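Following: one structure in structure tokens, then a few remarks.
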Amino acid sequence: MVHMTSRVLTIGFDLDMTLIDSRPGIHACYQALSARTGTYIDADLTITRLGPPLAEELVNWFPPEEVEAVADLYREMYPTHAIAPTPAMAGAREAIAAVREAGGRAIVVTAKYEPNAKLHLSHLGIEPDAVIGGLWAEGKAEALREYDAGVYVGDHTGDVRGARAANALSVAVATGPCDADELREAGADVVLTDLTEFPSWLAGHTKAPL
């Protein structure tokens with residue numbers, strides 16, 4: 001039996017600094033982790049370089065052999081300290097709604113620990129069609145290909161690399177640690193100031209001939 005189905009528009013989104021402003025929550029969690037472990041962590045500095053996996057930040061503050069255990073502790077403490085202070089980014093809800101209104105699916109693909117990513121979205125009332133955590137940069141292509149995502153939206157050059165590795169259109173928002181020029185240089189196909197510009201971009205994109 002042959003199934004004749006047209007490709008469903010599937011758009012992936014990064015989480016931290018794309019859909020959510022995770023700086024206040026992560027700042028609070030690092031301060032709590034510092035107090036708990038007795039190890040100095042410059043929380044102000046950590047939130048200027050969000051995007052890469054947790055271990056890549058922790059290795060700046062802890063000996064390599066302790067990073068795995070400290071990462072587990074951080075993830076355990078995270079719901080208590082980081083969920084409530086974290087707001088949605090401007091335009092985040094409207095961006096997800098725009099995908100749905102276009103008849104598409106919206107998925108979240110993030111380096112964040114998946115249960116905590118889901119807690120953030122639930123707390124904010126943002127309901128994507130799927131949430132896939134624990135993937136960074138080119139690793140994000142695994143989920144983007146699995147869900148047949150044609151577009152990936154993120155704020156980091158690592159997100160651009162993930163989109164390109166999945167042969168998806170890279171839409172970048174200059175709301176994270178990478179500015180518009182860095183995102184363009186990394187190969188982003190589209191650079192938006194923030195997600196408030198996404199619905200009008202999507203409307204043009206879906207009208208364009210395939």
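The values are calculated or read from the model by the stated rules, or taken from the named source; none is laboratory data. Everything quoted here is computed from the prediction, not taken from an experiment. Reconstructed Cβ throughout: ideal geometry from the backbone, glycine too, with neighbour counts over all protein chains shown. These area figures cover heavy atoms from the full protein model, side chains too; ligands, DNA and RNA do not enter into them. Shrake-Rupley method; radii C 1.70, N 1.55, O 1.52, S 1.80 Å.
Here are a few things to note about the model shown:
- Rounded to whole Å, sorted largest first: equivalent-ellipsoid semi-axes of segment 56-145, Cα gyration tensor: 28, 17, 10
- With Cα atoms, 0 to 90° folded angle of helix 114-124 axis to the chain main axis: 70
- Couplings 3J(HN,Hα) of segment 89-98, computed from phi: 6, 4, x, 5, 4, 5, 5, 4, 4, 5 Hz, in residue order, whole Hz [Karplus 6.51 cos²θ - 1.76 cosθ + 1.60, θ = phi - 60°; x for Gly and Pro].
- When the Gaussian network model of the chain links Cα atoms closer than 10 Å, the mean-square fluctuations of P87, P63, P128 top out at P63.
- 3J(HN,Hα) along segment 12-29, derived from phi through the Karplus expression 6.51 cos²θ - 1.76 cosθ + 1.60 where θ = phi - 60°, amounts to x, 10, 6, 9, 4, 6, 10, 8, 10, 8, 7, 4, x, x, 5, 4, 5, 5 Hz, with x in place of Gly and Pro.
- A viscosity of 1.002 mPa s and a temperature of 20 °C, combined with the Kirkwood radius over Cα pairs in Stokes-Einstein, give a translational diffusion coefficient for segment 100-210 of 150 µm²/s.
- Largest-first ordering by accessible area, 1.4 Å probe, given options R105, R164: R164, R105
- R0 of 35 Å, Cβ-Cβ distance A84-N60: FRET efficiency to nearest 0.05: 0.85
- Angle in degrees between helix 198-207 and the longest Cα principal axis of the chain, rounded to the nearest 10: 30
- Segment 30-66-segment 162-210 distance, computed between alpha-carbon centres (Å): 30
- Fraction of antiparallel bridges per DSSP, the chain only, in percent to nearest 5: 5
- Length gained when the stretch T193-H123 is fully extended (0.36 nm per residue, less Cα-Cα span): 22.7 nm
- Computed P(r) (all Cα pairs; segment 2-85; 5 Å bins; percent): 3, 13, 22, 23, 13, 6, 4, 4, 4, 4, 2, 1, 0
- Descending semi-axes in whole angstrom, ellipsoid equivalent of segment 110-154, from the Cα gyration tensor: 19, 12, 8
- Based on the Kirkwood approach, the hydrodynamic radius assigned to the chain is 17.5 Å, with every pair of different Cα atoms included.
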